[in-house]
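A.B. asks: Sharing a structure below in structure tokens format, with a few things to ask.
The values are calculated or read from the model by the stated rules, or taken from the named source; none is laboratory data. Being a predicted model, the structure only gives us computed values, none of them experimental. When we count neighbours, we look across all protein chains shown, and the Cβ atoms used for this are built from the backbone with ideal geometry, even at glycine.
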Amino acid sequence: MLFFASYVALAASALSSGCIATSTIEFEPVENFPPSIISQPLADFPLDKIGRINLDDPLSPSEPAEMPLDVIIRDPNFDQTLQYRIFLDAPPPPAAEFAIQQGDVEPTGFLERPRTFAISYDELAPGECHKIELVVVGEFASNVEQRRPVEPGDIDQATWWVEVIDADHPIIEVECR
């Protein structure tokens with residue numbers, strides 16, 4: 001009798017504790033929003049102006065000989081790791097392009113990811129206006145098409161123009177184009 005009572009109590013508790021789902025629950029996939037790039041408010045080289053670097057200007061010993069690219073990368077997908085590539089004087093497509101820098105932009109858990117990239121002065125020839133492009137995507141599709149993201153539209157890019165001079169090249173011989 002005790003066995004029967006225990007069995008009935010166990011069955012009653014199993015039936016009264018909830019229901020058993022027999023169908024699968026489908027969740028909406030998380031929407032992947034494209035990133036966006038803006039200048040940091042006090043950037044040395046803002047995106048809306050042509051910068052100018054005189055390679056002969058003295059730098060303090062603590063100052064690196066680099067052009068800082070101060071940006072804020074915005075992405076509503078807070079936990080998504082983004083990828084970036086930086087191009088210097090890249091030819092127009094379909095010519096082959098090669099990034100001078102590339103890597104990941106780690107998630108911060110916030111909409112905005114402040115970031116500073118740097119271009120060495122050694123890469124900037126004097127007497128020229130250089131075009132520097134930052135491309136940010138969720139993930140790059142390949143190394144053949146350097147700018148193509150895996151997911152179409154999941155991309156943003158920013159472009160800086162900078163005139164570089166020194167004592168031997170006091171005027172810009174190759175204009176911004």
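A.B. asks: Between D89, D48, which is under 12 Å from W160 (Cα atoms), of a type outside the set (V, I, T) and loosely packed, with under 12 Cβ neighbours inside 10 Å? Give the derivation first.
C.D. replies: Working: D89 fails: loosely packed, with under 12 Cβ neighbours inside 10 Å.
It is D48.
A.B. asks: What number of residues in the stretch 1-27 are at pLDDT below 75 and either charged (D, E, K, R) or over 53 Å from the mean Cα position of the chain (by Cα) (or both)?
C.D. replies: Adding up the residues that qualify gives 13.
A.B. asks: Determine if the stretch 51-73 includes at least one residue that is at pLDDT 75 or above, over 17 Å from the mean Cα position of the chain (by Cα) and more than 30 Å from Y121 (Cβ to Cβ).
C.D. replies: Scanning the stretch 51-73, I find no residue that is at pLDDT 75 or above, over 17 Å from the mean Cα position of the chain (by Cα) and more than 30 Å from Y121 (Cβ to Cβ), so the answer is no.
A.B. asks: Right, I155: more than 22 Å from P64 (Cβ to Cβ), among the aliphatic types (A, V, I, L, M), out of contact with any helix residue (DSSP H, G or I) (no Cβ under 7 Å at 6 or more places or on another chain) and surrounded by 14 or more Cβ atoms within 10 Å (Cβ to Cβ) or not? Let's see the steps before the verdict.
C.D. replies: Working: more than 22 Å from P64 (Cβ to Cβ): yes; among the aliphatic types (A, V, I, L, M): yes; out of contact with any helix residue (DSSP H, G or I) (no Cβ under 7 Å at 6 or more places or on another chain): yes; surrounded by 14 or more Cβ atoms within 10 Å (Cβ to Cβ): yes.
Judged against the criteria, I155 is a match.
A.B. asks: Of all residues in the stretch 106-141 being crowded, with 19+ Cβ neighbours inside 10 Å and farther than 21 Å from R52 by Cβ, which is nearest to the chain's Cα centre (by Cα)?
C.D. replies: Applying the filter and picking the extreme gives V136.
A.B. asks: Follow-up question, since we're still on this one. Would you be able to tell me the number of residues in the stretch 116-132 that are farther than 16 Å from P68 by Cβ and in a strand (DSSP E or B)? Lay out the reasoning, then the answer.
C.D. replies: Taking the stretch 116-132 and keeping what is farther than 16 Å from P68 by Cβ, we get 125-129, 131.
Still in the running and in a strand (DSSP E or B): 128-129, 131.
Residues meeting the conditions: 3.
A.B. asks: Among the acidic types (D, E), within 24 Å of A167 (Cβ to Cβ) and buried (at least 17 other Cβ atoms within 10 Å of the Cβ): does that describe E63? First the steps, then the outcome.
C.D. replies: On the way: among the acidic types (D, E): yes; within 24 Å of A167 (Cβ to Cβ): yes; buried (at least 17 other Cβ atoms within 10 Å of the Cβ): no.
In short, no.
A.B. asks: Got a sec? Which of D79, D104 is part of a loop (DSSP other than H, G, I, E, B) and either closer than 17 Å to D156 by Cβ or modelled with pLDDT of 90 or more (or both)? Give the steps one after another, and end with the answer.
C.D. replies: Values: D104 fails: part of a loop (DSSP other than H, G, I, E, B).
The match here is D79.
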